[in-house]
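Asker: Mind having a look at this structure? Questions to follow.
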Amino acid sequence: SDHIDSLPDPTVAAEIEKQLHFFHYLIQNRQLHNDRLHELNTLRELYDFSIQIDSLEKPIILEKLLERCLQEITVASAGWIGLWLEGEQVIRTALAKGYRNSNALLRIRFPQERWAIPCIVLENQSSMLINDLNFASNYPLSAEELLHYQSATGGMLPLGNLLVPLIHDDMSLGVLVLENFNASQKIENRDLEWTNLLSAVASRALFKA
């Protein structure tokens, strides 16, 4: 005859269910604890960064922001910051780091009507992460500006961009651009989130400076 296992004792089944609920609670509680710790650490780092740059002049604020981003977003080997000139309706490259010839990048300007992605990001006041960058279509540069860019990079073109607008109270101040030239790495969403936070702190300091 077929063997039929007896059902577990109701009190045993209840105890097992109680333990499972307890383990689930422990896991949830630990995750909540880790989330809170991460949030507190993030707030502390942002506060420290704010104190560091709060009374500095604008060029030093830009330098501290770009340095910090390149230090922490390791997939980005180079980057630049452009300032928005309202009267001319143009983004002027003000600072560049990590390039073979960073000074060459400072000769490039982005007029609003050209509709390059730094202009789009600033117009929409919305960050952008691109890991499959089409440089020719996203950066419609003049022949002379393209030579400046290639001089800056040693002829290389970026494969990925992380672009964050520098804004305060809906006022456009500029744009931060981090560049990835390494095909084996991609910029992550968490990189974008952290750069957004650092840029918000820096934008407030820029507005006050």
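Asker: In the range 156-184, what residues are under 25 Å from residue 208 (Cβ atoms) and small (Gly, Ala, Ser)?
Answerer: 172, 174
Asker: Looking at (1) among the small types (Gly, Ala, Ser); (2) open to solvent by 50 Å² or more (accessible area, probe 1.4 Å); (3) outside any helix (DSSP H, G or I), which is the only condition residue 136 fails?
Answerer: That leaves (3) as the condition not met.
Asker: Restricting to the range 154-181, name every residue that is touching a Leu at 6+ places or on another chain (Cβ under 7 Å) and assigned to a loop (DSSP other than H, G, I, E, B).
Answerer: Listed by number, the residues that qualify are 158, 159, 181.
Asker: If you don't mind, there's one more thing I want to ask. Pairs needed: first member in the range 96-118, β-branched (Val, Ile, Thr); second member anywhere, open to solvent by 30 Å² or more (accessible area, probe 1.4 Å) and in a helix (DSSP H, G or I); C-beta distance under 8 Å; at least 6 residues apart or different chains.
Answerer: Note: pairs meeting the criteria are 108/148; 117/138.
Asker: Something else about it: Checking the structure you have, find out if any residue of the range 76-83 is of a type in the set (Val, Ile, Thr) and either surrounded by fewer than 17 Cβ atoms within 10 Å (Cβ to Cβ) or touching a Pro at 6+ places or on another chain (Cβ under 9 Å) (or both). Walk me through how you get there before you give the answer.
Answerer: To start, the set of residues in the range 76-83 that are of a type in the set (Val, Ile, Thr) comprises 81.
Checking the rest, the ones that are also either surrounded by fewer than 17 Cβ atoms within 10 Å (Cβ to Cβ) or touching a Pro at 6+ places or on another chain (Cβ under 9 Å) (or both) come to none.
Looking through the range 76-83, none of the residues is of a type in the set (Val, Ile, Thr) and either surrounded by fewer than 17 Cβ atoms within 10 Å (Cβ to Cβ) or touching a Pro at 6+ places or on another chain (Cβ under 9 Å) (or both).
Asker: Taking the conditions exactly as written (within 29 Å of residue 40 (Cβ to Cβ) and either surrounded by 14 or more Cβ atoms within 10 Å (Cβ to Cβ) or not β-branched (Val, Ile, Thr) (or both)), does residue 148 satisfy them or not?
Answerer: Numbers: within 29 Å of residue 40 (Cβ to Cβ): no; either surrounded by 14 or more Cβ atoms within 10 Å (Cβ to Cβ) or not β-branched (Val, Ile, Thr) (or both): yes.
When the stated conditions are applied, residue 148 does not pass them.
Asker: Please identify the pairs in which a residue from the range 127-143 that is more than 11 Å from residue 117 (Cβ to Cβ) and at pLDDT 95 or above has its Cβ atom under 6 Å from the Cβ atom of a residue that is in a loop (DSSP other than H, G, I, E, B) and open to solvent by 50 Å² or more (accessible area, probe 1.4 Å), counting only partners at least 6 apart or on another chain.
Answerer: Sorted first by the residue in the range 127-143, then by its partner, the pairs are 131/186.
Asker: Among the residues of the range 181-208, count how many are in contact (Cβ under 8 Å) with a residue 60 or more places away in the chain, over 15 Å from residue 49 (Cα atoms) and of a type outside the set (Lys, Arg).
Answerer: So the answer is 8.
Asker: I need the full set of residues from the range 165-190 which are surrounded by 21 or more Cβ atoms within 10 Å (Cβ to Cβ) and farther than 19 Å from residue 62 by Cβ, in order please.
Answerer: Hits for the range 165-190 are 180, 187.
Asker: So, one more: Among what's in the range 85-108 and is open to solvent by 40 Å² or more (accessible area, probe 1.4 Å) and under 20 Å from residue 171 (Cα atoms), pick the residue that is nearest to the chain's Cα centre (by Cα).
Answerer: Initial filter on the range 85-108 (open to solvent by 40 Å² or more (accessible area, probe 1.4 Å)): 85-89, 92, 97-98, 100-101, 103, 106-107.
Narrowing further to those that are under 20 Å from residue 171 (Cα atoms): 85-89, 92.
Working: 85: 23, 86: 24, 87: 28, 88: 27, 89: 25, 92: 20 Å.
In this case the residue turns out to be 92.
The values are calculated or read from the model by the stated rules, or taken from the named source; none is laboratory data. The model shown is predicted, which means the values in this text are computed figures rather than measured ones. With ideal geometry, Cβ positions are generated from the backbone for all residues, glycine too; neighbour counts draw on all protein chains shown. SASA here: full protein model, heavy atoms, side chains in, ligands and nucleic acids out. Shrake-Rupley method; radii C 1.70, N 1.55, O 1.52, S 1.80 Å.
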